[in-house]
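Shown next, in structure tokens, is the structure this report addresses.
No value in this document is a laboratory result; all are computed from the given coordinates. These numbers were taken from a predicted model, which means no experiment stands behind them. Cβ placement follows ideal geometry from the backbone for every residue including glycine, while neighbour counts extend to all protein chains displayed.
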Amino acid sequence: MRLLFATGNEDKVREAREILEPKGVKVEHLEIDYPEPQVDDLETVAREGVRYVFRKTGEPVFVEDSGLFVDALNGFPGPYSAYVHGTLGNGGLLKLMEGIRDRRATFRSVVAFCDGPGVSVHVGEVEGEIAGERRGTAGFGYDPVFIPEGTGSTFAEDPEGKSAVSHRRRALDSFAEWMGPSRA
Ligand code: ITT
């Protein structure tokens, strides 16, 4: 089965392919900008985004909205993660965390799929902490500063580990399971 993935982020497409193609789902990148309402939950952004894209294409399509929620910052940057990464970057996040001992954070991914009137939503999360400094060169975005629980390595130092436990892996596994062998 072939599915469109509407995103402006090539790295997300690469990871979605690694996760879905072994399950028989061919992921095709649809580069399209969809309006992202400035609301504070990822699910609304993903639901509205996928409806917008489905209206345009008429083809089965999914989008994914993700965010990094830092406990000590009351969940910031959360739904504003893309903006914050683009403006402050990882250096800015580390600066905000200076002197903070509680470094717990959660990466969350919301995948929304539409192939008709309804939208199905699948959520994945991974808990971890914000590193003291940038480490590693793989991946993208916040990967050099996020250490998943139970390992000492950032996502950027351990891309295989990332692929096994990431928020995107968990959301897409749940999506693939929902699709089942008959759809996939
Ligand atoms: P879309 O076009 O799909 O929206 P985007 O890059 O704007 O692509 P998001 O709004 O979902 O995506 O991104 C939230 C931010 O979190 C953005 O800065 C990403 O780089 C970052 N991010 C998302 N997933 C990540 C991951 O697996 N590792 C590191 N950073 C990630």
What distance in nm separates the simple spin-label points at D40 and E10, each placed 7 Å from Cα in the Cβ direction?
-> 3.5 nm
Taking N as the residue count of segment 46-129, its alpha carbon Rg divided by 2.2 N^0.38 Å gives 1.33
May I ask you to compute the full-extension gain from S163 to I32, defined as 0.36 nm times their residue separation minus their alpha-carbon distance, rounded to one decimal in nm?
-> 44.6 nm
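Using the 10 angstrom Cβ neighbour count as an exposure proxy, how do I130, I32 rank, fewest first?
On the way: I130 24, I32 16.
Listed from fewest to most nearby Cβ atoms, that is I32, I130.
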How about K12: which lysines have a C-alpha closer than 19 Å to its C-alpha, ignoring those fewer than 8 places off in the same chain?
-> K23, K26, K162
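Report the percentage of all Cα-Cα pairs in the chain whose separation exceeds 29 Å, rounded to a whole percent.
Numbers: 3381 of 16836 pairs.
The calculated P(r) of the chain puts 20 percent of pairs beyond 29 Å.
Using Stokes-Einstein with the Kirkwood hydrodynamic radius over Cα pairs, what translational diffusion coefficient do you get for segment 1-48 at 37 °C and a viscosity of 0.692 mPa s, in µm²/s rounded to a whole number? List each step's numbers first, then the result.
On the way: Rh = 11.9 Å.
Estimated diffusion coefficient is 277 µm²/s.
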Under-5 Å amide H pairs with T7, H placed in peptide plane, nonlocal only | L30, I32
Could you tell me whether segment 13-77 comes out rounded, prolate or oblate from its Cα gyration tensor? Rule is a ≥ b ≥ c as square roots of the eigenvalues, rounded for a/c under 1.5, then prolate if a/b exceeds b/c, otherwise oblate.
-> oblate
Taking only the alpha carbons of segment 110-154, the radius of gyration and the largest Cα-Cα distance, Dmax, both in angstrom, are 15.3, 46
Semi-axes of segment 83-127's equivalent ellipsoid from the Cα gyration tensor, sqrt of 5 times each eigenvalue, largest first, rounded to whole Å?
-> 33, 14, 5
Shape metrics for segment 95-184, restricted to C-alpha atoms - Rg then Dmax, Å | 15.6, 52
With the dipole of the chain defined by +1 on each Lys or Arg Cβ and -1 on each Asp or Glu Cβ, the option from N9, F175, A156 whose Cα lies farthest towards the positive pole is F175
What's the extension gain from D102 to E21 if we count 0.36 nm per residue and subtract their Cα-Cα distance?
-> 25.4 nm
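With r as the distance between the Cβ atoms of F140 and T87 and R0 = 22 Å, compute the FRET efficiency 1/(1 + (r/R0)^6) and round to 0.05. Before the final figure, lay out the partial values.
Values: r = 16 Å, r/R0 = 0.74.
Given R0 = 22 Å and the Cβ-Cβ separation, E is 0.85.
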For n ≥ 4 DSSP H runs only, could you compute -39500 (n - 2.57) per run for the chain, divide by its residues and tell me the 222 nm figure to the nearest 500?
-> -11000 deg cm²/dmol
Charge dipole (debye, nearest 20) of the chain; +1 at Cβ of Lys and Arg, -1 at Cβ of Asp and Glu = 240 debye
